[in-house]
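Structure first, commentary second.
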Amino acid sequence: MTGTHLGMPAFPDAAREAVRDEVLRANLRHATHTIRDKRARAVAELEDWDRLRAAGKAVKDHTLAHLDRYLLQLEAAVTAAGGTVHWAADADEANRIVTELVRATGEKEVVKVKSMATQEIGLNEALEAAGIAAYETDLAELIVQLGHDRPSHILVPAIHRNRGEIRDIFAAEMGDWGRPAPVGLGDDPRELAEAARLHLREKFLRAKVAVSGANFMVAETGTLVVFESEGNGRMCLTLPETLISVVGIEKVIPTFRDLEIFLQTLPRSSTAERMNPYTTMWTGTVDGDGPSVFHLVLLDNGRTDTLADEVGRQALRCIRCSACLNVCPVYERAGGHAYGSVYPGPIGAILSPQLRGTGSEIDATLPYASTLCGACYEVCPVAIDIPEVLVHLRERVVQGGPVTREGIRVRIRPADGHTAERAAMRAARLLLDRPGALRAGERLLARARRLRPRRLPGPGRAWTDSRELPELPERSFRDWWAVREKEARAKEARP
């Protein structure tokens, strides 16, 4: 998988730098609190939310358990409707397919619907290297592109920018990409949105090729579905002559009726709306209506390897709502760039190390980018137990062990820097397996409680930088319980 931002440090180092940025933290705090409060109110309106959540989980789990069958059914349905299906094992193959398809049209530019999958594979950069300009049309993605920046949120990629920064970016950069920003542009959201609309309109009207992702693919009918809030997606999906959709294989669902669940849960969990402002569906091609040529690129890029992990595969349920980011105390303070991936926040902390592996310093530290508070699990509309997967991946980082890579079962080595942790866990296991030794150790600690240090030495120093060691009791729980039971028996024996 591509998508690792070159030169990115490990998460602790990147986060440490991010929390010093007071403007960034203020932007994140305001945005995440606003979104999550609105989401809570929207979800509370549905009495059957828990049942919808369970239904979404069941549909996704069933689909993942039979993914091979549903993908073949999807291919047959798309082909029957006039589309062409391509299979991409990795990012390089997907980029090559899309580049060749665009070249075949003779065009030198494409318009794009916001797509996490194309960001994941670095499609914009691949097209640029081939002499093809890719223009983002989602407002937040446009801000990121014009600012030569990187997305920092799944739903709101420019969440780290405030209105003044956006105005400055538009004024300085729009002219180099097309229609310039109006003279004297202010920072009122309506002015900024109008400047973006005018800038993009000329691109929509002249574009012959569009590239999209999809929120869902329906195996039964071959229908693809895009949820969006601005209408830019509708323009990209209907005006160009050729449409190329790059979609992760986990986005397939069995039947059109299954959409009923996600049409309710995704908007409320992402934008806190009862329904999405724009829900666009298309099935192959139709003469005289929409693009005349449709290509679907089904992207693996580590997904089947993730599917082979019985614990980690639940990350593939994700419907990219971003609710977990908005409640995460770590994301709120560190922001999305610290994760070194197009998938930030709690879902990124479990998805990126599985798609990319834990061989890099960035990916080996992502499972630790969490307090394990469980807030992410509570808000997830498909009930992904993110804390469970985080702990599972931490074990993989520390201990190594068997994993699937490119369809082959291999054994990976433990990541560097965890020798002391492994030694501590082995010592704890030895001690806990021997009740007599554990009891003796507890008594020794109780007697030496006055010698308790204020800070731990060595690797434990980082833990005590922000915490105090707990006071040691005068006696262990076992000894306290034994005395309690002895006193209770003596009391019962009295006449």
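For this structure, a couple of remarks:
- Looking across the stretch 168-199, the residues that are over 32 Å from the mean Cα position of the chain (by Cα) and over 13 Å from Gly147 (Cα atoms) come down to Arg179, Pro180, Ala181, Pro182, Val183, Gly184, Leu185, Gly186.
- Scanning the stretch 17-43 for residues that are assigned to a helix (DSSP H, G or I) and farther than 24 Å from Leu266 by Cβ turns up Glu17, Ala18, Glu22, Val23, Leu24, Arg25, Ala26, Asn27, Arg29.
- Residue in the stretch 88-144 that is surrounded by the fewest Cβ atoms within 10 Å (Cβ to Cβ), counting only those that are β-branched (Val, Ile, Thr) and over 25 Å from Gly340 (Cα atoms): Thr105
- Residue match in the stretch 248-263 (condition: basic (Lys, Arg) and in contact (Cβ under 8 Å) with a residue 40 or more places away in the chain): no
- Glu202 being surrounded by fewer than 17 Cβ atoms within 10 Å (Cβ to Cβ), closer than 27 Å to Glu100 by Cα and either in contact (Cβ under 8 Å) with a residue 60 or more places away in the chain or touching a Leu at 6+ places or on another chain (Cβ under 7 Å) (or both): no
- Being open to solvent by less than 50 Å² (accessible area, probe 1.4 Å), farther than 30 Å from Ala364 by Cα and modelled with pLDDT of 80 or more is a condition met by no residue of the stretch 454-466.
- Yes/no for Ala14 being under 30 Å from Leu123 (Cα atoms) and either open to solvent by 70 Å² or more (accessible area, probe 1.4 Å) or at pLDDT 90 or above (or both): yes
- Conditions (1) out of contact with any helix residue (DSSP H, G or I) (no Cβ under 6 Å at 6 or more places or on another chain); (2) open to solvent by less than 80 Å² (accessible area, probe 1.4 Å); (3) within 23 Å of Leu366 (Cβ to Cβ); number of the one not met by His418: (1)
- Flag if Glu241 is open to solvent by less than 20 Å² (accessible area, probe 1.4 Å), of a type in the set (Asp, Glu) and under 27 Å from Ala94 (Cα atoms): no
- 1 or more residues in contact with a His (Cβ under 8 Å, 6 or more places away or on another chain) and of a type outside the set (Asp, Glu): qualifying helices (runs of 4 or more DSSP H) within the stretch 96-165: 139-146
- Tallying residues that are in a strand (DSSP E or B), farther than 22 Å from Val293 by Cβ and aliphatic (A, V, I, L, M) within the stretch 253-283 yields 1.
- Residue within the stretch 59-72 that is open to solvent by 20 Å² or more (accessible area, probe 1.4 Å), closer than 24 Å to Met116 by Cα and of a type in the set (Gly, Ala, Ser) present: yes
- Test for Pro435: is it more than 18 Å from Ala15 (Cβ to Cβ), crowded, with 16+ Cβ neighbours inside 10 Å and not polar (S, T, N, Q): no
The values are calculated or read from the model by the stated rules, or taken from the named source; none is laboratory data. Quick caveat: nothing in here was measured; it's all calculated off a predicted structure. With ideal geometry, Cβ positions are generated from the backbone for all residues, glycine too; neighbour counts draw on all protein chains shown. Heavy atoms of the whole protein, side chains included, go into the accessibility calculation; ligands, DNA and RNA do not. Shrake-Rupley method; radii C 1.70, N 1.55, O 1.52, S 1.80 Å.
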